[in-house]
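Taken together, the values in this text are just the output of simple stated rules run on the coordinates, not laboratory data. Treat the numbers as computed from the prediction; the structure is a model and nothing was measured. Please note: Cβ atoms are built from the backbone with ideal geometry, for glycine as well, and neighbour counts cover all protein chains shown.
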Amino acid sequence: MAPLTREVLRTLADFWSGGPPVVSVYLDVDGRRHRRPLDYEAELRRLLRHAAARARNDNGGGADERARRWRRAHLGRGSWSREGAAPLAKDLARIEHQVRQGVDRSRTRGLALFSCTGAGLWEVVELPVPVRNQVVVDRAPHVQQLELVLEERERVGVLLVDRQRARILVFELGELVDRSELFDALPRHEDDRGDWDRDHVADHRADAAHHHLRRAGQVAFQVFRGQGFEHLVLGGPEQVVSELERELHSYLRDRVAARVSLPVGAPDDELRRAAMDVQDTVRADRQAVQVRRLRDRVGAGNGAAVAGLGPVLGALGERRVHGLLVSDGYEDPGWRCASCSQLAARGPSCHRCGASMDRVDDVVEAAVEEALRQGCVVNICVGDADLDVLGRIGALLRF
Ligand SMILES: [Zn+2]
């Protein structure tokens with residue numbers, strides 16, 4: 001198991017089997033949607049059956065139209081030889097075995113697995129963000145979803161304080177990337193016995209505590225300048241946190257995304273979860289903004305956005321799409337032009353070049369892949385009623 005890094009992505013992207021099949025599987029294991037492991041395991045079995053069935057058809061000699069279409073869509077050139085079937089079965093079994101061994105879902109919401117027994121590739125990447133379920137068999141790993149996750153990565157700082165301690169941790173993609181700690185001992189009562197009166201002691205302690213929070217703010221700012229983070233989570237007793245907030249540099253105050261009631265000594269795992277929750281909220285808010293933008297632009301009718309399957313596929317073919325929004329779980333059969341690859345909701349002849357089109361099992365999936373290939377921002381929206389009303393798919397256009 002590996003966390004996602006640039007290096008992991010580069011290694012995968014550079015891999016080419018030269019013959020044997022490479023299986024890439026993305027699996028959503030998000031505990032908020034799949035309460036029991038059985039739920040995502042069933043989904044995985046469905047994906048793997050799909051891959052095996054497609055490969056079987058492919059080995060059948062190429063007469064099968066469905067296999068031919070799939071080959072064109074997924075394999076690019078050539079077809080699998082009969083020798084390809086045995087390694088493929090091994091790859092699929094290895095992937096299923098790995099997932100059934102269990103997933104630490106306190107920190108993992110998506111899995112990406114890459115297997116090629118025939119050429120010695122085996123990589124399991126745990127992601128702190130959900131992914132779209134997908135299986136691809138090709139001669140190279142299918143890394144588009146990983147690229148998307150890396151592109152969207154942001155850092156979250158978690159700053160915890162009490163009257164004499166402060167800790168700041170920085171997380172990126174659920175991994176701890178930096179930590180700093182500060183301890184300013186408060187003056188103790190016993191030391192002051194007899195010399196100072198009670199009020200004096202109290203004042204002195206308040207000053208020291210104030211000084212400590214100011215220092216905590218300074219340390220946080222140093223970490224911010226050194227490591228950089230987009231969002232900040234504050235934790236500690238309510239009173240102390242609001243005092244701390246007044247001491248923070250305005251750059252940091254602007255980045256406060258959440259306040260949590262965690263003690264300064266909370267275990268790293270709890271802080272990681274707080275950081276991941278913030279990322280989820282930020283992502284959901286951002287998606288809601290995108291959907292609102294889509295709705296407004298479609299409503300304005302000025303051509304800056306389109307909604308519904310047919311218009312979106314048309315815009316993709318013209319390479320006008322900047323951002324694609326799709327409701328999670330939306331599938332629809334459609335068509336792909338045999339000549340110019342244009343996708344369409346209706347067939348059988350291509351409105352662009354007039355050639356005949358082939359049926360595609362799920363043209364929404366094909367549209368997402370095409371959008372990723374074109375470098376569009378792709379948002380898979382969960383439970384967004386506004387997007388559903390717009391036809392479950394929409395696109396913000398470049399021009
Ligand atoms: Zn065409």
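Quick one: angle between helix 37-59 and the longest Cα principal axis of the chain, in degrees between 0 and 90, rounded to 10, please. Around 30 degrees separate the two axes. If you run the Gaussian network model on the chain, springs between alpha carbon atoms under 10 Å, then out of Ala52, Ala202, Ala258 the most flexible one is Ala202. Each residue of the stretch 6-11 was assigned a 3J(HN,Hα) from its phi angle through the Karplus expression (A = 6.51, B = -1.76, C = 1.60, θ = phi - 60°), giving 4, 5, 4, 4, 5, 4 Hz with x at Gly and Pro.
List the chymotrypsin sites (Phe, Trp or Tyr not before Pro) within the stretch 1-36 that DSSP assigns to loop and that have no more than 15 neighbouring Cβ atoms inside 10 Å. If you can, show how the numbers build up before the last one.
Values: sites: Phe15, Trp16, Tyr26; in loops: Phe15, Trp16.
Filter output for the stretch 1-36: Trp16.
The GluC sites (Glu not before Pro) of the stretch 103-161 that DSSP puts in a loop, and whose beta carbon has at most 16 other beta carbons within 10 Å, are Glu152, Glu154. Computed over neighbours whose Cβ is under 12 Å from that of Ala13, the net charge equals -2, Lys and Arg +1, Asp and Glu -1. Of the residues Ala284, Val219, Gly308, the one whose Cα sits farthest towards the positive end of the charge dipole of the stretch 197-323 is Gly308 (charges of +1 on Lys and Arg Cβ, -1 on Asp and Glu Cβ, taken about the Cα centre). Loop-located trypsin sites (Lys or Arg not before Pro) in the stretch 305-399 (DSSP state other than H, G, I, E, B) with a sparse environment of at most 12 neighbouring Cβ atoms within 10 Å: Arg319, Arg346. Taking θ as phi - 60° and the Karplus parameters 6.51, -1.76 and 1.60, the scalar couplings of the stretch 117-132 work out to 4, x, 10, x, 10, 8, 9, 10, 10, 8, 10, x, 10, x, 10, 8 Hz in sequence order, x denoting glycine and proline. Ordering Val378, Leu396, Ala345 by the projection of their Cα atoms onto the charge dipole of the stretch 245-399, which places +1 on the Cβ of Lys and Arg and -1 on the Cβ of Asp and Glu, puts Leu396 at the extreme positive end. Using only side-chain charges placed at the Cβ, +1 for Lys and Arg and -1 for Asp and Glu, the dipole size of the chain relative to its Cα centre rounds to 1840 debye. Couplings 3J(HN,Hα) of the stretch 168-175, computed from phi: 10, 10, 10, 10, 9, 6, x, 9 Hz, in residue order, whole Hz [Karplus 6.51 cos²θ - 1.76 cosθ + 1.60, θ = phi - 60°; x for Gly and Pro].
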